[in-house]
1. Say we look at region 163-191 and pick out the residues that are of a type outside the set (A, V, I, L, M) and touching a residue at least 12 places away in the same chain (Cβ under 8 Å); which of these is nearest to Gly57 (Cα to Cα)?
2. Just to be sure, is Lys49 assigned by TED's automatic domain parsing to the domain that holds Asn87 and either touching a His at 6+ places or on another chain (Cβ under 8 Å) or in contact (Cβ under 8 Å) with a residue 60 or more places away in the chain (or both)?
3. Identify all residues within region 15-61 that are of a type in the set (Asp, Glu) and closer than 19 Å to Asn78 by Cα; write none if there are none.
4. Being among the acidic types (Asp, Glu) and either surrounded by fewer than 16 Cβ atoms within 10 Å (Cβ to Cβ) or out of contact with any strand residue (DSSP E or B) (no Cβ under 7 Å at 6 or more places or on another chain) (or both) is the filter; apply it to region 106-121 and report the residue that is nearest to Glu174 (Cα to Cα).
5. What are the pairs, 6+ residues apart or on separate chains, where a residue within region 135-156 that is under 20 Å from Pro118 (Cα atoms) has its Cβ under 7 Å from a residue that is acidic (Asp, Glu)?
6. For region 133-151, state whether one or more residues are out of contact with any strand residue (DSSP E or B) (no Cβ under 7 Å at 6 or more places or on another chain) and in a loop (DSSP other than H, G, I, E, B).
7. Which residue pairs have Cβ atoms closer than 7 Å, lie 6 or more positions apart in sequence or on different chains, and pair a first residue in region 104-121 that is under 21 Å from Glu132 (Cβ atoms) with a second residue that is among the polar types (S, T, N, Q) and at pLDDT 90 or above?
Amino acid sequence: MNALIRPVLVMFAALTVICGVLYPLATTGIGKLAFPGEVAGSIVERDGKPVGSLLIGQSFTSPKYFWGRPSATSPMANNGAGSGGSNQGPTNPALVDAVKARIAALKEADPANTRAVPVDLVTASGSGLDPEISLAGALYQAPRIARVRGVPLAQVENLIAKLQKAAYIGFFGEARVNVLELNLALDAMQK
């Protein structure tokens, strides 16, 4: 029996050290060299205080700010520990009702806007934490923000264009904009 237990314990200890210590240290070290901001959480600071992360969406509800994608996380919105989609299909009555309510909220915030509501403003992403919206989502909200803030619409649209990010590697996905960056730039623009 000892002949069997010893090799098993040695293998267990070796794999624990390799997979539980060496591998995480190596990948974290490589990550810090290649992507230092991302490994540190892409924390954004204003006046020396953290205001959010560029990697996790945040809930903005004031009409003077851009609103991000709805969050599917629980027990609270944009909960990084609860990442995951809602797994509600397009015919699920709960999803249909939630989308209708989100469309109504967008229309109520800007009744003069007659454009079609972009889908990313009323549906959650696969992770439920998406920090970005499409350009269409940002441009849909631009008139409301310009009106509420008392700035020219062109100024808000220029800000969107300035902060837009192209599709990944030029062809994956679509052009998009980070909601936190956009809202911080809006506040800085009015100082």
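The values are calculated or read from the model by the stated rules, or taken from the named source; none is laboratory data. Model, not experiment: these values are computed from the prediction. All Cβ positions, even for glycine, are placed from backbone atoms using ideal geometry, and neighbour counts span all protein chains on display.
1. Of all residues in region 163-191, those of a type outside the set (A, V, I, L, M) come to 164-165, 168, 170-174, 176, 178, 181, 183, 187, 190-191.
With touching a residue at least 12 places away in the same chain (Cβ under 8 Å) added as a condition, the list becomes 164-165, 174, 176, 178, 181, 183, 190.
Details: Gln164: 16, Lys165: 16, Glu174: 18, Arg176: 13, Asn178: 9, Glu181: 11, Asn183: 12, Gln190: 23 Å.
Filtering first and then ranking leaves Asn178.
2. Values: assigned by TED's automatic domain parsing to the domain that holds Asn87: yes; either touching a His at 6+ places or on another chain (Cβ under 8 Å) or in contact (Cβ under 8 Å) with a residue 60 or more places away in the chain (or both): no.
It is false that Lys49 is assigned by TED's automatic domain parsing to the domain that holds Asn87 and either touching a His at 6+ places or on another chain (Cβ under 8 Å) or in contact (Cβ under 8 Å) with a residue 60 or more places away in the chain (or both).
3. From region 15-61, those of a type in the set (Asp, Glu) are 38, 45, 47; that's our starting set.
Residues satisfying the conditions are Glu38, Glu45.
4. First pass over region 106-121, keeping only residues among the acidic types (Asp, Glu): 108, 110, 120.
Keeping just the survivors that are either surrounded by fewer than 16 Cβ atoms within 10 Å (Cβ to Cβ) or out of contact with any strand residue (DSSP E or B) (no Cβ under 7 Å at 6 or more places or on another chain) (or both) gives 108, 110.
Values: Glu108: 28, Asp110: 25 Å.
Among those that are among the acidic types (Asp, Glu) and either surrounded by fewer than 16 Cβ atoms within 10 Å (Cβ to Cβ) or out of contact with any strand residue (DSSP E or B) (no Cβ under 7 Å at 6 or more places or on another chain) (or both), it is Asp110.
5. These pairs meet every condition: Gly137/Asp120; Leu139/Glu157; Ala142/Glu157; Pro143/Asp110; Arg144/Asp110.
6. First pass over region 133-151, keeping only residues out of contact with any strand residue (DSSP E or B) (no Cβ under 7 Å at 6 or more places or on another chain): 136-137, 139-151.
Add one more test, that the residue is in a loop (DSSP other than H, G, I, E, B), and what stays is 150-151.
Yes; the residues of region 133-151 include at least one that is out of contact with any strand residue (DSSP E or B) (no Cβ under 7 Å at 6 or more places or on another chain) and in a loop (DSSP other than H, G, I, E, B).
7. Every condition considered, the pairs that remain are Pro118/Ser134; Asp120/Ser134.
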